[in-house]
Amino acid sequence: MKISEKIANYKAQGKTFYSFEFFPPKTDFGLDNLYSRIDRMASLQPAYIDITWGAGGSTSNKTLEMCKTIQKYFGLEVMMHLTCTNMQVSSIKKVLIEAEENGLSNILALRGDPPEGSSTWDQHEDGFRHSVDLVRYIRKEFGNHFCLGVGGYPECHHEQSDLDADISFLKEKVDAGSDVVVSINDC
């Protein structure tokens, strides 16, 4: 189910909802441990689970596999992070096709962090510069198959000092076709 539909259902029922975010572990032991935790946490009935793409796409292969596993075996809705970092358009398309073929319907489209070990973010020569470009591409290539989430920063993005400009960028992402805006509340 699309997360936008789940959120609408929660809102119609006057219910509060939350999600959990996990990053792919580096080891098989860590992955088994995380799956065990997700199994226990499923009883808390999160609206969805989101899985990060990893700094610079460093865990991208594990991200897609984890999303497929969580949705299939734990019965939880999943939102897969997808970033522009170190990604060429053909690789993005391949990931999205595999996600679609495996019944994933929620993507969090992000620019992404700089690659591990780098302090600056550089656009891949055959990639996208901003998350809005990724949103436009997904809508053009996949129509409304995916519920698209984008990042929102109530306190202003850490690379932006002008809140009005930041809100303008958020509006651009919404106008480009995003369905939900995700913000973080680190409890």
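Some notes on this structure:
- Residues of the stretch 1-27 that are in a helix (DSSP H, G or I) and of a type in the set (A, V, I, L, M, F, W, C): Ile3, Ile7, Ala8, Ala12.
- Screening the stretch 64-82 for residues that are part of a loop (DSSP other than H, G, I, E, B) and free of Cβ contacts under 8 Å to residues at least 40 places away in the same chain and picking the one that is surrounded by the fewest Cβ atoms within 10 Å (Cβ to Cβ) gives Gly75.
- Residue, nearest to the chain's Cα centre (by Cα), within the stretch 92-108, restricted to residues that are part of a helix (DSSP H, G or I) and over 17 Å from Arg136 (Cβ atoms): Ala99
- For the stretch 151-180, taking the residues that are under 24 Å from Ile49 (Cβ atoms) and at pLDDT 95 or above, the one that is surrounded by the most Cβ atoms within 10 Å (Cβ to Cβ) is identified as Ser178.
Let's see how each residue does on (1) surrounded by 13 or more Cβ atoms within 10 Å (Cβ to Cβ); (2) more than 23 Å from Arg136 (Cβ to Cβ):
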| site | (1), (2) |
| --- | --- |
| Lys6 | yes, yes |
| Gln13 | no, yes |
| Thr16 | no, yes |
| Ala47 | yes, yes |
| Asp50 | yes, no |
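- Answer residue from the stretch 28-56, given it is under 18 Å from the mean Cα position of the chain (by Cα), of a type in the set (A, V, I, L, M) and in a helix (DSSP H, G or I) and is modelled with the highest pLDDT among those: Ile38
- Among the residues here, Ile97 does not qualify as under 24 Å from Lys68 (Cβ atoms) and at pLDDT below 95.
- Contacts under 9 angstrom Cβ, first residue in the stretch 135-148 being farther than 13 Å from Val89 by Cα and touching a residue at least 40 places away in the same chain (Cβ under 8 Å), partner surrounded by fewer than 16 Cβ atoms within 10 Å (Cβ to Cβ) and acidic (Asp, Glu), 6 or more apart: Phe142/Glu100; His145/Glu100; Phe146/Glu100; Cys147/Glu5
Quick grid of which residues meet (1) in contact (Cβ under 8 Å) with a residue 60 or more places away in the chain; (2) closer than 22 Å to Ile184 by Cα; (3) among the hydrophobic types (A, V, I, L, M, F, W, C):
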{"residue": "Thr27", "(1), (2), (3)": "no, no, no"}
{"residue": "Lys62", "(1), (2), (3)": "no, no, no"}
{"residue": "Cys84", "(1), (2), (3)": "no, yes, yes"}
{"residue": "Gly112", "(1), (2), (3)": "no, yes, no"}
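- Residue list for the stretch 10-54, filter: among the basic types (Lys, Arg) and closer than 26 Å to Val150 by Cβ: Lys11, Lys15
The values are calculated or read from the model by the stated rules, or taken from the named source; none is laboratory data. Since this is a predicted model, take the numbers as computed values, not measurements. With ideal geometry, Cβ positions are generated from the backbone for all residues, glycine too; neighbour counts draw on all protein chains shown.
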